[in-house]
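Novice: Below you will find the structure I want to go over with you.
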Amino acid sequence: MAVDERARVDTETTFIDTNLLLYAHDTTESAKHLVAKAALEELWRDRSGALSTQVLQEFYVVATRKLSRPLMRDEARQVVESYSTWPVVVIDPTVILAATRIEEEHQLSFWDALVVEAARISGAKRLLTEDLQDGRVIEGIRIENPFTSVAERG
């Protein structure tokens, strides 16, 4: 349940889900790529982003194997290394057990519940993801889908 506090400053912490990180590095989805890149640039500038070991692991696997234009492994490693300077919630058995309760109580997939629990541990007030209902509040964390305007333009 450790959170690495490097790079944290006194701003509202925003937790990012894997999809935001992936779209920032996937140029085939041009509209989402621009939105994700801008959101991450703002979090870098404000030093207000947080993520988890789950997000970093999922990013590496999907970025190197499942994108239509996969990243080279060394490039994906560099991204993981770069984001490792953010506050990182380490997924351990305590986090997993807490996520199982969130899964049940809020009717989420286990993986989404794990992201929510990691966001809660990080102290985040908001979670950027396209995987949960935009505007919903879970465990005190406001869900924001930064790609809503992209989907509406369709």
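The values are calculated or read from the model by the stated rules, or taken from the named source; none is laboratory data. All values derive from a computational prediction rather than experimental measurement. So basically every Cβ, Gly included, is an ideal-geometry build from the backbone, and we count neighbours across all protein chains shown.
Novice: How many of the residues making up segment 51-78 are free of Cβ contacts under 8 Å to residues at least 60 places away in the same chain and within 17 Å of Ser122 (Cβ to Cβ)?
Specialist: 5
Novice: Now, a different point. Given the criteria part of a loop (DSSP other than H, G, I, E, B) and either out of contact with any Gly (no Cβ under 6 Å at 6 or more places or on another chain) or without any contact (Cβ under 8 Å) to a residue 40 or more places away in the chain (or both), does Leu108 qualify?
Specialist: yes
Novice: Answer yes or no: is there a residue in segment 79-92 that is outside any helix (DSSP H, G or I), aromatic (Phe, Trp, Tyr) and touching a residue at least 40 places away in the same chain (Cβ under 8 Å).
Specialist: Checking segment 79-92: at least one residue is outside any helix (DSSP H, G or I), aromatic (Phe, Trp, Tyr) and touching a residue at least 40 places away in the same chain (Cβ under 8 Å).
Novice: For segment 1-25: of the residues being modelled with pLDDT of 95 or more and in a loop (DSSP other than H, G, I, E, B), which is farthest from Val116 (Cα to Cα)?
Specialist: My answer is Thr13.
Novice: For a quick check of your reading of the model, give me the residue pairs whose first member lies in segment 26-41 and is free of Cβ contacts under 8 Å to residues at least 60 places away in the same chain and over 16 Å from Ala76 (Cβ atoms), whose second is assigned to a helix (DSSP H, G or I) and among the small types (Gly, Ala, Ser), with beta-carbon atoms closer than 6 Å and at least 6 apart or on different chains.
Specialist: From residues that are free of Cβ contacts under 8 Å to residues at least 60 places away in the same chain and over 16 Å from Ala76 (Cβ atoms), the pairs are Lys37/Ala24.
Novice: Are any residues in segment 130-154 farther than 17 Å from Ala36 by Cβ and either among the charged types (D, E, K, R) or surrounded by fewer than 17 Cβ atoms within 10 Å (Cβ to Cβ) (or both), and if so, which ones?
Specialist: Gln133, Gly135, Arg136, Val137, Glu139, Gly140, Arg142, Gly154
Table: residues versus (1) among the aliphatic types (A, V, I, L, M); (2) farther than 27 Å from Glu29 by Cα; (3) in a helix (DSSP H, G or I).
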position	(1), (2), (3)
Glu58	no, no, yes
Thr64	no, no, yes
Arg77	no, no, yes
Ile96	yes, yes, yes
Leu114	yes, no, yes
Leu127	yes, no, no
Leu132	yes, no, no
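Novice: Follow-up question, since we're still on this one. For segment 99-129, name all the residues that are closer than 17 Å to Val55 by Cα, surrounded by fewer than 20 Cβ atoms within 10 Å (Cβ to Cβ) and touching a Lys or Arg at 6+ places or on another chain (Cβ under 8 Å).
Specialist: Arg126, the sole residue that qualifies.
Novice: So which residues in segment 27-48 are surrounded by 17 or more Cβ atoms within 10 Å (Cβ to Cβ) and among the β-branched types (Val, Ile, Thr)?
Specialist: Val35
Novice: Related question: Which ones in segment 116-125 are basic (Lys, Arg) and in a helix (DSSP H, G or I)?
Specialist: Arg120 - this is the single residue of segment 116-125 that is basic (Lys, Arg) and in a helix (DSSP H, G or I).
Novice: Go through (1) closer than 20 Å to Gly140 by Cα; (2) more than 17 Å from the chain's Cα centre (by Cα); (3) of a type in the set (A, V, I, L, M, F, W, C) and name the single condition Leu71 misses.
Specialist: All conditions pass for Leu71, except number (1).
Novice: Just to be sure, is Leu51 in a loop (DSSP other than H, G, I, E, B) and surrounded by 13 or more Cβ atoms within 10 Å (Cβ to Cβ)?
Specialist: Spelling it out, it is not the case that Leu51 is in a loop (DSSP other than H, G, I, E, B) and surrounded by 13 or more Cβ atoms within 10 Å (Cβ to Cβ).
Novice: Given the options Leu108, Leu97, Leu127, name the one that is touching a Ser or Thr at 6+ places or on another chain (Cβ under 9 Å) and modelled with pLDDT of 95 or more.
Specialist: None of the other options fit; the residue is Leu127.
Novice: Before we move on, is Arg142 assigned to a strand (DSSP E or B) and within 23 Å of Leu43 (Cα to Cα)?
Specialist: In short, yes.
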